[in-house]
1. Please specify each residue of the stretch B:387-418 satisfying the condition of being open to solvent by 30 Å² or more (accessible area, probe 1.4 Å) and either part of a strand (DSSP E or B) or within 14 Å of chain A (Cβ to nearest Cβ) (or both).
2. Give me a count of the residues in the stretch A:261-314 that are of a type outside the set (Val, Ile, Thr) and in contact with a Cys (Cβ under 9 Å, 6 or more places away or on another chain).
3. Assigned to a strand (DSSP E or B) and in contact with a Pro (Cβ under 8 Å, 6 or more places away or on another chain): which single residue out of A:Ile374, A:Ile312 fits that description?
4. Tell me the residue from A:Arg333, A:Arg338 that is closer than 20 Å to A:Pro27 by Cα and either of a type in the set (Asp, Glu) or within 14 Å of chain B (Cβ to nearest Cβ) (or both), please.
5. Hey, among B:Val276, B:Val324, B:Val314, which residue is modelled with pLDDT of 90 or more and in contact with a Lys or Arg (Cβ under 6 Å, 6 or more places away or on another chain)?
6. Select from the stretch B:90-137 the residues that are closer than 23 Å to B:Ile151 by Cα and of a type in the set (Gly, Ala, Ser) and list them in ascending order.
7. Is it the case that A:Glu188 is more than 8 Å from every other protein chain (Cβ to nearest Cβ) and of a type outside the set (Phe, Trp, Tyr)?
8. Go through the residues of the stretch A:350-367 one by one and say whether even a single one is in contact (Cβ under 8 Å) with a residue 24 or more places away in the chain and among the aromatic types (Phe, Trp, Tyr).
Number of protein chains: 2
Amino acid sequence: MTVKDMLGRSSVITREDALKKLEEQFPLPALDTEMISISAALNRVLAGDIVSPENLPEFNRSTMDGFAVKSADTFGATEGRAVYLTVVGESVMGTIPDRALSKGEAMKIATGGSLPDGSDAVVMFEFTHPLDPATIEVVKPVAPLENTIQIGDDIRKGDRVLSRGHRVRPQDMSALASLGIARVSVFERPKTAIITTGNELIPVDATPSLGRIRDSNSYSLEGLTADAGGLPVKKGIIPDDYDRLRKSLEDAIDDSALILLTGGSSAGAADITAKVINDIGQPGVLVHGVAVKPGKPLIIGLIGSKKKSKLIPVFGLPGNPVAVIICFELFVRPVLARLAGLAPQATLEITSYRTVKARLARSISSKPGREEHIPVSLEEKSDGLWARPIFGASGLITTLVKAVGTVVVPLNKIGIEKNEEVDVRLF
Amino acid sequence: MTVKDMLGRSSVITREDALKKLEEQFPLPALDTEMISISAALNRVLAGDIVSPENLPEFNRSTMDGFAVKSADTFGATEGRAVYLTVVGESVMGTIPDRALSKGEAMKIATGGSLPDGSDAVVMFEFTHPLDPATIEVVKPVAPLENTIQIGDDIRKGDRVLSRGHRVRPQDMSALASLGIARVSVFERPKTAIITTGNELIPVDATPSLGRIRDSNSYSLEGLTADAGGLPVKKGIIPDDYDRLRKSLEDAIDDSALILLTGGSSAGAADITAKVINDIGQPGVLVHGVAVKPGKPLIIGLIGSKKKSKLIPVFGLPGNPVAVIICFELFVRPVLARLAGLAPQATLEITSYRTVKARLARSISSKPGREEHIPVSLEEKSDGLWARPIFGASGLITTLVKAVGTVVVPLNKIGIEKNEEVDVRLF
């Protein structure tokens, strides 16, 4: 769907259509992998399914501190009519009992201890009384298998434990260790070139002469890229110049999975970016202008790497520091997720967990025909979470610092009323 | 509040009381700091307030593409009664115009461009028509300051931009760069010693003989510690032996901010841990047993480092791999947040953002007198998010792999009904 701007010119497309265009024309390349220690695997993405090489547990274990018994011996036991069992030693942690249990016998056992042959359940200490060193009273029956885990109950040899495309969490590190898997194959982090353009921009450690400003967008992009699982590679600042930009893009193609350009907020700079992307080769610019505020001047393109015969997505992000972050979240993050090898389900989960419900502390108005993303702060009050829109001129640094996320006014709505429940997308 | 267990013995305390005991007796030590590049500052905690060294912007800027004007010249302009202005050149990006604006004049300007002296507003291109190369028609008035940002409008020299204890986000990296702050002072990550105890435990790359299992908890603790802003330092596996454990703790004291012990799930092992913590010195064990399931055998202690004359918190975590994660989230994460230098507000925010609302897909029952934490998976359906409790024997690895968080049944409730809305605390 093409959206008409305020003067009736149709020049921009919706967010959904922009993403669809890119998805249709960008075949995911083969992703490189590497083997790493599970200690280093937090937040990395598995490059293959994890299939259990063994049964877990590999021996029948107790899940309680108590006595291993034959369950049938305890049937009918009550406080009034206790069952008497002979204690035949203890199952020592880390070993297998050297003796099987016969009828009428019990063996002391701790949580995690190995059940002796002949036993099929564990009576908790609480339901036993010692009579003499060799005899206990049992005052409650146990069912067969009660308070035990049998061989393979947790994981069976050959079970798929984790899937390709899963992002490793702390508990997965524990699961892998349990199975004796010390190293895993993960996808390499997608190398993301960050190129800043703009005649007015200078490095952070330079003192600006009047009229110039420091490059700041490359820093938020560095943080966002790392957070999204990419490996940011900053390429520095280049002026708004066709030849310099073209050389910079061509230099970045062969060792990048993705290229982000930022700056060049003026119309002339955007034209240069679009021309360079088109001239480098097919398919070139896919999207130039989206019905999103802030972020309207966004360019999305695909350029070819001859050396690696694959396509590289290129994003021409606006110069406005708020728009850069919003465009990253809406357009770049989903592409980075694919390039990082994340399964679609994992991507979905990560997105929905980055959203919280809150009530709007102030009404928002918006023009129809564009999707508006309003930065908000969050306040926790006794009656719940409140989202407070941050107004002010476009592109202020203070907006960024105060904001923890955004609220979206959809394409065809003219606003959201105070007190309405909204989804706050955190960034 | 002391809670009686199922046999009426009072032996465990509530989660709140356990945390309060630790907070009361643990004075936060002076935290070490380091200077780092803002490129490396993502998720690090600021050790001091950030005060702006300059005004932002340092010159009056346009926020639109258009013409810089004297706003008074445009008052009363309409499509029918346009105002004619003489175009006197262009404000070139990255420079200050060499000429001031006089009455009846306009200067072409791009977003981010510097306003010429004498101008106080910008008319957007959309509301102008070129008449000849040197003249434009303006068809809509602008108010004074409209479409501009004046010196210091965004940030004023001396303003506090970010506070001590704030965790750096991508947008903060951008804000710091804008102000020319290339390096920041952050708190060092708290070194967290992870010691595994248990005669039955072997390293992940060893093949277990029957009755033995691999150390897996040290890996989830490694991941959780890193995620919580700590620096995990694994100290290996030691047997359930007083002298070995004492030596291991004494070795760890001087270069750790925090010590985590895991394993030793049997009652005997816990007794050794408690004795070692008490013998090393005052105040020793503060908490032994909490009214939390799973996690009841938790030990919390404070031991003194003679060399650094400060107290180090020690947690004796249960051996159950699910309990380890739940105890970390409930008890260790808040302490790590303090040791990492996070401001209380930042800690609160992080906790509330790690919580999502969902409806319960199955009823849960619980025994009163303990706070029960039920691992759940989440499913996104057309009618919203559903939390599905994961049942099964205690301490299964599969529980960990399937779970994305927990639902809490409070101390005095006996369960939660299906379809009820619950808070899912993600882990």
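The values are calculated or read from the model by the stated rules, or taken from the named source; none is laboratory data. This structure is a prediction, so every number in the text was calculated from the model and none was measured. Neighbour counts are summed over all protein chains in view; Cβ atoms, including those assigned to glycine, are modelled from backbone coordinates with ideal geometry. To get the accessible areas, we keep the full protein, side chains included, count just its heavy atoms, and leave off ligands, DNA and RNA. Shrake-Rupley method; radii C 1.70, N 1.55, O 1.52, S 1.80 Å.
1. B:Arg388, B:Phe391, B:Gly392, B:Ala393, B:Ser394, B:Thr398, B:Lys402, B:Val408, listed by residue number.
2. Adding up the residues that qualify gives 3.
3. A:Ile374
4. Of the residues listed, the single one that is closer than 20 Å to A:Pro27 by Cα and either of a type in the set (Asp, Glu) or within 14 Å of chain B (Cβ to nearest Cβ) (or both) is A:Arg333.
5. B:Val276
6. Within the stretch B:90-137, B:Ser91, B:Gly94, B:Ala100, B:Ser102, B:Ala106, B:Ala110, B:Gly112, B:Gly113, B:Ser114, B:Gly118, B:Ser119, B:Ala121 meet the criteria.
7. It is true that A:Glu188 is more than 8 Å from every other protein chain (Cβ to nearest Cβ) and of a type outside the set (Phe, Trp, Tyr).
8. Within the stretch A:350-367, none of the residues are in contact (Cβ under 8 Å) with a residue 24 or more places away in the chain and among the aromatic types (Phe, Trp, Tyr).
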